[in-house]
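K.L.:
Let me give you the structure first, and then I'll get to my questions.
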């Protein structure tokens, strides 16, 4: 009896293509279930986490009084670049005065309080949040997401969901 006949069958019974396909499926099964690999990224092994403070500003926050919704000392959910980070602490929430430029008789420009701020329910809010992150060569990382000045973050709580822009990042010791 020949090992391989003229039709490409092993021992006259099994097609060599069928045997190859079965062997590939067996190797995939073994690779998935017996060698799943490591979990997590290599960058996180042996890296210490530090508290990172992030100042963010929400311009034109709609609401009568934002400090009724967002309170310092509470926790909020942080989303960076559409990737959820988890919960962070709200260290401080400050309402910034809304000013408009007003031309003066001598030709200079002065900042004066915006008289329409109360009517439009529009506030500028400075928020400081604190979370755990790592410091890499390219900057701080919260979770697996780099955070930089100018990044847009999303804060979500029980009664609010809004975007803010990062304006300062401080790594605490």
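The values are calculated or read from the model by the stated rules, or taken from the named source; none is laboratory data. What you see is a predicted model, and the numbers here were worked out from it, not measured in a lab. Don't worry about glycine lacking a Cβ; one is built from the backbone with ideal geometry, like all the others, and counts go over all protein chains shown.
K.L.:
Identify, from the list 90, 135, the residue that is touching a strand residue (DSSP E or B) at 6+ places or on another chain (Cβ under 9 Å) and buried (at least 17 other Cβ atoms within 10 Å of the Cβ).
P.N.:
90
K.L.:
So is residue 141 closer than 30 Å to residue 99 by Cα, surrounded by 13 or more Cβ atoms within 10 Å (Cβ to Cβ) and within 24 Å of the chain's Cα centre (by Cα) or not? Can you show your working first?
P.N.:
Numbers: closer than 30 Å to residue 99 by Cα: no; surrounded by 13 or more Cβ atoms within 10 Å (Cβ to Cβ): yes; within 24 Å of the chain's Cα centre (by Cα): yes.
Taking the combined requirement at face value, the residue does not satisfy it.
K.L.:
Another one. Picking from 73, 131, which residue would you name as being in contact (Cβ under 8 Å) with a residue 40 or more places away in the chain, closer than 30 Å to residue 50 by Cβ and assigned by TED's automatic domain parsing to the domain that holds residue 54?
P.N.:
That would be 131, the only listed residue that is in contact (Cβ under 8 Å) with a residue 40 or more places away in the chain, closer than 30 Å to residue 50 by Cβ and assigned by TED's automatic domain parsing to the domain that holds residue 54.
K.L.:
Kindly indicate whether any position in the stretch 147-166 is assigned by TED's automatic domain parsing to the domain that holds residue 58, farther than 23 Å from residue 63 by Cα and part of a strand (DSSP E or B).
P.N.:
For the stretch 147-166, residues assigned by TED's automatic domain parsing to the domain that holds residue 58, farther than 23 Å from residue 63 by Cα and part of a strand (DSSP E or B): absent.
K.L.:
Which residue, of 69, 27, is out of contact with any helix residue (DSSP H, G or I) (no Cβ under 7 Å at 6 or more places or on another chain), modelled with pLDDT of 90 or more and more than 30 Å from residue 136 (Cβ to Cβ)?
P.N.:
One residue alone meets the criteria, 27.
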